[in-house]
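Below is one structure; the comments refer to it alone.
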Amino acid sequence: MLNLLRKDFIALKSSLGMLILCLALFSIFFIPKHDMSIFTVGFTVALAAVNMSTMIDVRNHNHNFLITLPISRKHIVLAKYITTIIGSLFGVLASYGIHLLVELAFPQLNKPDFSIMGLLVPTGMILVLLSIYLPLFYTLSKKGAEIINVVFLISLIVLMNPGAMLMMMSEESSISGQIVFLISIGILLLLVASYYLTVYLFTRKDL
């Protein structure tokens, strides 16, 4: 299991330069023009990290090799869930850090302040998308890579504005801790259900 995680993190490390470039480009494009750029930058970079992590497996035929080893397919899927979640959190936190620096360097932009609570919105939405994306990825894999990317792109476009508005509402209104707790539990249960579904689909799949 640790070796699988190490393999995925090495793959992500090889894409780190591309992720930093995406972070820089999205920041330059969105921050001066959009009040909710902290959401759009974090959301797009997080999804880019997920896409890079999975497409590396497709290009290098990693699954075809891994299933020949004495490794449980359940562990292969679990390692991918862990690394994609960590990659997603990197996107959200990197966007938050960039915006803190921008506020210090360019106060004239008057960027709105956001708390850690506000960051739960893009994080939760990304986890929901992962719950949908990873079962598709392990079911379609190489043959369906284009379909997966189209679904991912459409999801990004559809959720961008509603997600940004939801993040602003979470900052402006007082949402009780109980509601946040229930939503968080629901997202975690969805993620767990997605994991078991992916394990089932991947176990039945012939590579």
**Fill in**
Regression test value, accessible area per residue of the stretch 1-53, probe 1.4 Å, units Å², expected 49
**Cleavage-rule hits, trypsin sites (Lys or Arg not before Pro), the stretch 1-103, DSSP coil, Cβ neighbours within 10 Å at most 10** = K33
**Fill in**
Once N60 and F29 are pulled to full extension, the length gained, defined as 0.36 nm per residue separation minus their Cα-Cα distance, is 7.9 nm
**Fill in**
Here the FRET efficiency for M18 versus I185, based on Cβ atoms and R0 = 45 Å and rounded to 0.05, is 0.85
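The values are calculated or read from the model by the stated rules, or taken from the named source; none is laboratory data. This one's a predicted model, so the numbers in the text were calculated from it and none came from an experiment. Cβ coordinates were reconstructed from backbone atoms using ideal geometry, including for glycine residues, and neighbour counts include every protein chain displayed. To get the accessible areas, we keep the full protein, side chains included, count just its heavy atoms, and leave off ligands, DNA and RNA. Shrake-Rupley method; radii C 1.70, N 1.55, O 1.52, S 1.80 Å.
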